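As structure tokens, the structure follows; a few thoughts come after it.
The values are calculated or read from the model by the stated rules, or taken from the named source; none is laboratory data. Small disclaimer: the values here were computed from a predicted structure and weren't measured. Glycine also receives a Cβ, built like all others from the backbone with ideal geometry; neighbour counts cover every protein chain displayed.
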Amino acid sequence: MLNINRLFLFSFLFFGLLGTLSAQKNKQLFPQIPGMVSYTYRQSFAKDVAATLDTLKILGITDIEFSNLFGRKAADIRALLDERGQKCSSFGVSYADAQNKTAEVAQNAKTLGASFVRVAWIMQKPPFTIEDAQKAVENFNKIGKQLKDEFGLTFCYHNHGYEYAKYENGTLMDYIIQNTNPNYVSFELDILWAFFPGQNPADWLKKYPKRYKLMHLKDLRKGIIGNDSGGTAVENDVALGTGQINISEILKAAKKSSVEHFYIEDESPSYGKQVPQTMAYLKNLKK
């Protein structure tokens, strides 16, 4: 009887473990619905904001990063969002506006309901230098402090590739991250624009796990060789999982970081076909 009980206990534990492992294996890596960068639907938004929001709602997308007001007032867009149960979590603006119209930018962000203000391009002319990085650090700290102290907003800088030029024992991007005040400056990781100049986006999340708050999800067409120019043809944006970037590795690193919002960005003219493919890919990713 003792041996039978031991056999039963062993079988119970063994098959229980198999069941647990099977459940973990089949668990989704990215169970949430991603957000969307308005730039993906820029042509559609320019024609009809309401209809474009309806399209996104049909896809199940409720979280949007607006990088343009498309000729509308922030209050008008907010009303359209509220009607559809959608939200704007991040508001993207130009470097010049962030510096020279900080209060106006902040008011628009607050009206939209955003928690973040994002800048995505700071290079005046190539190449991007240490002097440019030093000036950016000074400006970012100033902008970020005003946005946080006066408006309760978080400033984020979005990488674009040229910041990964080598500097001392790292890169100019390292310099920017290490010299900006974490109380006032955070970052949005665009995974294509980290990968394009030869970086592994997952490594940056591991290196600076507390600094990244936002992420752009996108993929680079196979066979394309990158550089640090900050530019490639929009047709080189492809649906997630069909390009060169290891999306699964990045998302696993992101889950251990401080990233709060994940946005699809697809600059390609084929976005109408590719966005649903991207969403299906994310839904089917397993841990």
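Does the stretch 139-156 include one or more residues that are within 23 Å of ASN236 (Cα to Cα) and assigned to a loop (DSSP other than H, G, I, E, B)? So that I can check it myself, show each step before the final result.
First, the residues of the stretch 139-156 that are within 23 Å of ASN236 (Cα to Cα): none.
No; the residues of the stretch 139-156 include none that is within 23 Å of ASN236 (Cα to Cα) and assigned to a loop (DSSP other than H, G, I, E, B).
Being surrounded by 19 or more Cβ atoms within 10 Å (Cβ to Cβ), part of a helix (DSSP H, G or I) and at pLDDT 95 or above, is that true of even one residue in the stretch 176-183? Quick ask: steps written out before the conclusion?
In the first step, residues of the stretch 176-183 are kept if they are surrounded by 19 or more Cβ atoms within 10 Å (Cβ to Cβ); the result is 176-177, 180.
Add one more test, that the residue is part of a helix (DSSP H, G or I), and what stays is 176-177.
Applying the additional criterion that residues be at pLDDT 95 or above yields 176-177.
Yes, the stretch 176-183 contains a residue that is surrounded by 19 or more Cβ atoms within 10 Å (Cβ to Cβ), part of a helix (DSSP H, G or I) and at pLDDT 95 or above.
Contact map, the stretch 125-138: residues that are assigned to a helix (DSSP H, G or I) paired with residues that are of a type in the set (A, V, I, L, M), Cβ distance under 7 Å, separation 6+ or inter-chain. Pairs shown: ILE130/LEU172; ASP132/MET123; ALA133/LEU172; ALA133/ILE176; ALA136/ILE122; ALA136/ILE176; VAL137/ILE176.
If I filter the stretch 252-263 for residues that are among the aromatic types (Phe, Trp, Tyr), modelled with pLDDT of 95 or more and in contact with a strand residue (DSSP E or B) (Cβ under 8 Å, 6 or more places away or on another chain), do I get at least one hit? Don't jump to the end; show me each part of the working.
As a first pass, look at the stretch 252-263 and keep what is among the aromatic types (Phe, Trp, Tyr): 262-263.
Next, only the ones that are modelled with pLDDT of 95 or more stay: 262-263.
Keeping just the survivors that are in contact with a strand residue (DSSP E or B) (Cβ under 8 Å, 6 or more places away or on another chain) gives 262-263.
Looking through the stretch 252-263, at least one residue is among the aromatic types (Phe, Trp, Tyr), modelled with pLDDT of 95 or more and in contact with a strand residue (DSSP E or B) (Cβ under 8 Å, 6 or more places away or on another chain).
Restricting attention to the stretch 144-192, the residues being touching a Leu at 6+ places or on another chain (Cβ under 9 Å) and within 19 Å of ILE130 (Cα to Cα) number 9.
Within the stretch 263-284, which residues are touching a Leu at 6+ places or on another chain (Cβ under 8 Å) and crowded, with 17+ Cβ neighbours inside 10 Å? Even if it seems obvious, please write down each step before you answer.
At the first step, the residues of the stretch 263-284 found to be touching a Leu at 6+ places or on another chain (Cβ under 8 Å) are 263-265, 275-279, 281-282.
TYR263, ILE264, GLU265, VAL275, THR278, MET279, TYR281, LEU282, listed by residue number.
Looking across the stretch 34-88, the residues that are among the charged types (D, E, K, R), surrounded by fewer than 18 Cβ atoms within 10 Å (Cβ to Cβ) and not in a loop (DSSP other than H, G, I, E, B) come down to ARG42, LYS47, ASP54, LYS57, ASP76, ASP82, GLU83, ARG84, LYS87.
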